[in-house]
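S.K.: Below is the structure I would like to discuss, written out as structure tokens.
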Amino acid sequence: MINTLDKINIKDKTVILRCDFNVSIKEGVIFDDNRIIESLPTIKYILSNNTKLIILSHLGKVTKISDKKEKTLLPVAKKLEELLGKSVTFSKYTSGKKLEEIIDRKTLGDIILVENTRFEDIDGNKESGNDLTLAKSWSKMGDVFINDAFGTAHRSHASNVGIAKFLPSAIGYLIEKELLMLKKVTKKPDKPFVVILGGIKMNDKIQVINKLAKKADYILLGGGIANTFLKTLNFDVKESMYDKNSIEYCKNMIKKYPKKIIIPIDLVCAEKLSESAKVKKVYIDSIPDNCAAYDIGKETVEKYEEILLQAKTVFWNGPVGVSEISPFAKGTKSILKILKKSKAEVIIGGGDSAAAAIKMGYKDAFSHISTGGGASLELIEGKVLPGIKCIGKVKKKIK
Ligand code: ADP
Ligand code: MG
């Protein structure tokens, strides 16, 4: 059994918490604070134990000094203060004496958020390359390590995996919840179990599809994935995005699961992918020249609704259309509406699908919206995530 927050002694200690505060920030404004909100139960629990709390997180990719300005965690420190109603000390130093001094000056009850751990990537890829010297220097700041960064759990970095080699550790409440909810999909989902698959990264998702296809009663297709299946079935998809390397794979899937895999009936097409695009609503065999399919159509939604309203468990990955652009967001919006109405346990996993559900106002409508894109998919594939595997291996702090 994995070590959880309730099983580790943190009372009166200095706790190092790895969060995933990799949120979208533009010009200092946080657009989607879901990952911060989802970290609050763990943060509050740790603080309620009279602890000094040091939080580590990365934000985006940092390869050169000029990336630093855009990739600072300072807006997150401010957001945390607002959410906790408590002051948060922000350290612009990510390692070394200056960081140690800031931490030494703080006492029990204080919170310190350390600047983006990937600033350590500029000089030798130390964070992303899981440099153990860096990991050890971080471990020295505290007594206990808690990993709650689910969105990063599929990566082996110094701040989530390396550090656990030196400190007693546990997972936080968010990772615990993610494991519990995503296991419902991979273990014994209540039947009928329906999977909705959209998005574009067909190649990345093949293992996930294989795994889910075994358990699912139906797989409803949308997005670029539907286009790839349509192409496989010899429909002329014209300019639509599809994955030509996955045609053979789709052929086999159709052969293996002829009744499970459900393709769209109609589509929303356009010549241009833009807010002002002139849309054409067509059946799958009539995509006009120069056009691409960017969403599922009304009749498809109706057909999917019938199946979804019978379901007891639904797992959704990948928007069924280009949900970021309003003329092509209708399919995704309609599916969200149907799922809210349904009595099924609904679990959404995948970066863009989760973002779409939250942006469209469905944050609290479902059983679970995963905070991990790649991590949720790798977990469903059956992979052991390094950020979870490393936990609980050390009994005493290694000095
Ligand atoms: P997730 O992050 O949920 O796993 P993906 O990353 O695979 O999903 O795909 C999400 C992207 O797919 C979105 O940016 C969306 O605009 C795009 N998309 C969905 N349907 C289509 C389509 N028919 N044509 C082109 N892009 C699409
Ligand atoms: Mg994505």
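The values are calculated or read from the model by the stated rules, or taken from the named source; none is laboratory data. All of these numbers come straight from a predicted model, not from anything done at the bench. Positions of Cβ are backbone-derived with ideal geometry, glycine not excepted, and every protein chain shown enters the neighbour counts. Note: areas computed on protein heavy atoms with side chains; ligands, DNA, RNA excluded. Shrake-Rupley method; radii C 1.70, N 1.55, O 1.52, S 1.80 Å.
S.K.: Considering only protein heavy atoms, with the full assembly of protein chains and a 1.4 angstrom probe, order Tyr283, Tyr249 by accessible area, largest first.
M.R.: Tyr283, Tyr249
S.K.: So between Ser24 and Lys312, what do we pick up on full extension, going 0.36 nm a residue minus the alpha carbon distance?
M.R.: Computed gain between Ser24 and Lys312 is 100.4 nm.
S.K.: If you average 1/r over all unlike Cα pairs in the range 170-235 and invert the result, what Kirkwood radius do you get in angstrom? Don't jump to the answer; show the numbers that get you there.
M.R.: Working: mean 1/r = 0.0742 Å⁻¹.
Averaging 1/r across every pair of different Cα atoms and inverting gives 13.5 Å.
S.K.: Expressed as a whole number of Å, what is the distance separating the alpha-carbon centroids of the range 259-304 and the range 180-198?
M.R.: Between the Cα centres of the range 180-198 and the range 259-304 lies a distance of 27 Å.
S.K.: What's log10 of I(q)/I(0) for the range 177-308 at q = 0.11, 0.16, 0.18 Å⁻¹, Debye sum over Cα points only, no solvent?
M.R.: Values returned for q = 0.11, 0.16, 0.18 Å⁻¹ are -0.41, -0.82, -0.99.
S.K.: Further question on the same structure: My understanding is that a pair violates if its Cα-Cα distance is over 18 Å; which of Lys7/Lys106; Lys11/Lys44; Lys191/Lys359; Lys97/Lys136; Lys214/Lys333; Lys231/Lys255 do that in this structure?
M.R.: Distance filter (> 18 Å) returns Lys7/Lys106; Lys191/Lys359; Lys214/Lys333.
S.K.: How much of the accessible area of the chain, probe 1.4 Å, is carbon plus sulfur, in whole percent?
M.R.: 51 percent
S.K.: Answer rounded, prolate or oblate for the range 243-362, using the Cα gyration tensor with square roots of eigenvalues a ≥ b ≥ c: rounded when a/c is under 1.5, else prolate when a/b is larger than b/c, else oblate. Present the calculation step by step, with values, prior to reporting the outcome.
M.R.: Working: a/c = 1.62, a/b = 1.12, b/c = 1.45.
It comes out oblate by the Cα gyration axes.
S.K.: Share of Cα-Cα pairs in the range 87-132 beyond 17 Å, in percent? It would help to have the intermediate numbers written out before the result.
M.R.: Working: 401 of 1035 pairs.
That fraction is 39 percent.
S.K.: Points 7 angstrom from Cα along the Cβ direction at Asp236 and Asp12: gap in nanometres?
M.R.: Result: 7.9 nm between the two label points.
S.K.: Moving to a separate point now. Compute the distance from the alpha-carbon center of the range 199-240 to that of the range 333-370, in whole Å.
M.R.: 20 Å
S.K.: If the cut-off is 16 Å between C-alpha atoms, which aspartates and glutamates fall inside it for Lys280, apart from same-chain ones fewer than 8 positions away?
M.R.: Cross-link targets: Asp236, Glu239, Asp266, Glu271, Asp289, Asp295, Glu299.
S.K.: Shifting gears a bit: Which of Asn125, Asn147, Asn22 moves the most in a Gaussian network model of the chain with Cα springs under 10 Å?
M.R.: Maximum fluctuation in the GNM of the chain, among the listed residues, is at Asn125.
S.K.: I want to check the label-to-label distance for Leu83 and Lys363. Put each point 7 Å from Cα in the C-beta direction and report it in nm to one decimal.
M.R.: It works out to 0.9 nm between the two label points.
S.K.: Once Rh is set to the Kirkwood radius over Cα pairs, what Stokes-Einstein translational diffusion coefficient, in µm²/s, holds for the range 19-133 at a temperature of 20 °C and a viscosity of 1.002 mPa s?
M.R.: Estimated via Stokes-Einstein, D reaches 146 µm²/s.
S.K.: Once the other residues with Cβ under 11 Å from the Cβ of Asp352 are scored (Lys, Arg +1; Asp, Glu -1), what is the net sum? Let's see the in-between values first.
M.R.: On the way: positive: Lys201, Lys359; negative: Glu324.
Taking every Cβ under 11 Å from that of Asp352, the sum is +1.
S.K.: Let me ask something additional. Between Ile265 and Leu180, what is 0.36 nm times their sequence separation minus the Cα-Cα distance? Round to one decimal in nm.
M.R.: Details: separation 85, 0.36 × 85 = 30.60 nm, distance 3.51 nm.
Here the answer is 27.1 nm.
S.K.: I'd like the per residue volume of the convex hull spanned by the Cα atoms of the range 318-399, given in cubic angstrom.
M.R.: Cα convex hull per residue, to the nearest whole number: 136 Å³.
S.K.: Another question, then. Of Met141, Ala311, Ile358, which is farthest along the charge dipole of the chain in the positive direction, counting Lys and Arg as +1 and Asp and Glu as -1 at C-beta?
M.R.: Comparing the listed Cα positions along the dipole, Met141 ranks first.
S.K.: Could you give the C-alpha radius of gyration of the chain expressed as a fraction of 2.2 N^0.38 Å, taking N as the number of residues it contains?
M.R.: Taking N as the residue count of the chain, the ratio is 1.06.
S.K.: Can I ask one more? Three principal axis extents, largest first, for the C-alpha atoms of the range 84-229, in Å?
M.R.: 58, 32, 31
S.K.: Calculated FRET efficiency, Lys61 and Ile325, Cβ-Cβ r, R0 25 Å, to nearest 0.05?
M.R.: So, using R0 = 25 Å, E works out to roughly 0.50.
S.K.: A further question follows. In whole angstrom, note down how far apart the Cα centers of the range 126-158 and the range 374-399 are.
M.R.: 11 Å
S.K.: Then there is this: GNM, the chain, Cα, under 10 Å: largest mean-square fluctuation among Arg35, Arg105, Arg18?
M.R.: Answer for the Gaussian network model of the chain: Arg105.
S.K.: Using a 1.4 angstrom probe, figure out how much accessible area the range 208-264 has per residue, in square angstrom, rounded to the nearest whole. Mind showing how you got there, number by number?
M.R.: Working: 2810 Å² over 57 residues.
Per residue, the range 208-264 has 49 Å² of solvent-accessible surface.
S.K.: Just checking the chain: which Cys have no other cysteine's beta-carbon under 4.7 Å?
M.R.: Cys19, Cys250, Cys390, each lacking another Cys Cβ under 4.7 Å.
S.K.: Using the heavy atoms of the protein chains alone and a 1.4 angstrom probe, what is the accessible area of the range 268-368 per residue in square angstrom?
M.R.: Result: 48 Å² of accessible area for each residue.
S.K.: Please report the relative contact order for the chain, taking Cα pairs under 8 Å with a sequence separation of at least 6, and give it as a percent rounded to a whole number.
M.R.: Normalised by residue count, the contact order of the chain is 17 percent.
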